[in-house]
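To keep things clear, I will list the structure first and then write my remarks on it.
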Amino acid sequence: MDINPRWLTEPFDDVRPPLQMQMVATDRNVSLARRRLRDWLTTDVSPELVEDLVLAVYEAMTNAVEHGYADCPHGPVRLQARRSSAHLLITISDDGSWRVPTNDRFRGRGLPLSRLLADDVHVAAGPNGTVVRLWAEAPYEGLAHLRSRPAARRATSLGPPAAR
């Protein structure tokens, strides 16, 4: 029995328009979605969280390409990213078939990695496809908090300023 987390059933009030994409499940389109998601997140999410979520979503979308449509290539995959005043909800869905993980020791790390990078991950797989939802805490402060941060010092091969 699959138990839904509370955040999945609570109302979600968007503070800005969501990102919505539907594409054919190919590696190239997953890369395009990754860039579009990064651009959408960068508006009001910390750079660290942007990178974590982009990688988590990339892993989930790659699973849709590699596993969901292994027997019937090029089915649809959808990406939706939503922003509330305190959270991000990102949904990846496909119409493919869930495949039981293999015992290949070099495979099967995508979902565990996504679970490390997002605050919570929920996977619902059924005969009509798979839905992966990622949840992350991200207080909304608009653009002000991104502009007020001091620019990060770039690492150089010259060492710290005193050594130059």
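Among the listed residues Asp104, Asp95, which satisfies the condition of being surrounded by fewer than 19 Cβ atoms within 10 Å (Cβ to Cβ), more than 11 Å from the chain's Cα centre (by Cα) and modelled with pLDDT of 90 or more?
On the way: Asp104 fails: modelled with pLDDT of 90 or more.
Only one candidate qualifies: Asp95.
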Inspect all residues belonging to the range 28-40 and state whether any of them is in a helix (DSSP H, G or I), under 24 Å from Glu137 (Cα atoms), within 16 Å of the chain's Cα centre (by Cα) and at pLDDT below 90. no
Select from the range 9-43 the residues that are out of contact with any Phe, Trp or Tyr (no Cβ under 8 Å at 6 or more places or on another chain), in contact (Cβ under 8 Å) with a residue 60 or more places away in the chain and not hydroxyl-bearing (Ser, Thr, Tyr) and write down the one among them that is surrounded by the most Cβ atoms within 10 Å (Cβ to Cβ). Pro18
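Counting just the residues of the range 59-92 that are among the hydroxyl-bearing types (Ser, Thr, Tyr) and either at pLDDT 95 or above or in a loop (DSSP other than H, G, I, E, B) (or both), which one comes out nearest to Ala25 (Cα to Cα)?
Step one: filter the range 59-92 for residues among the hydroxyl-bearing types (Ser, Thr, Tyr), giving 62, 69, 84-85, 91.
This time we only want the ones that are either at pLDDT 95 or above or in a loop (DSSP other than H, G, I, E, B) (or both), so: 69, 84-85, 91.
Values: Tyr69: 8, Ser84: 28, Ser85: 31, Thr91: 15 Å.
Per the stated criteria, the residue is Tyr69.
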So, in the range 44-53, how many residues would count as being surrounded by fewer than 22 Cβ atoms within 10 Å (Cβ to Cβ) and part of a helix (DSSP H, G or I)? 6
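The values are calculated or read from the model by the stated rules, or taken from the named source; none is laboratory data. Values in this document were obtained by computation on a predicted structure and should not be read as measured data. Heads up, the Cβs are rebuilt from the backbone with ideal geometry, glycines too, and the neighbour counts pull from every protein chain shown.
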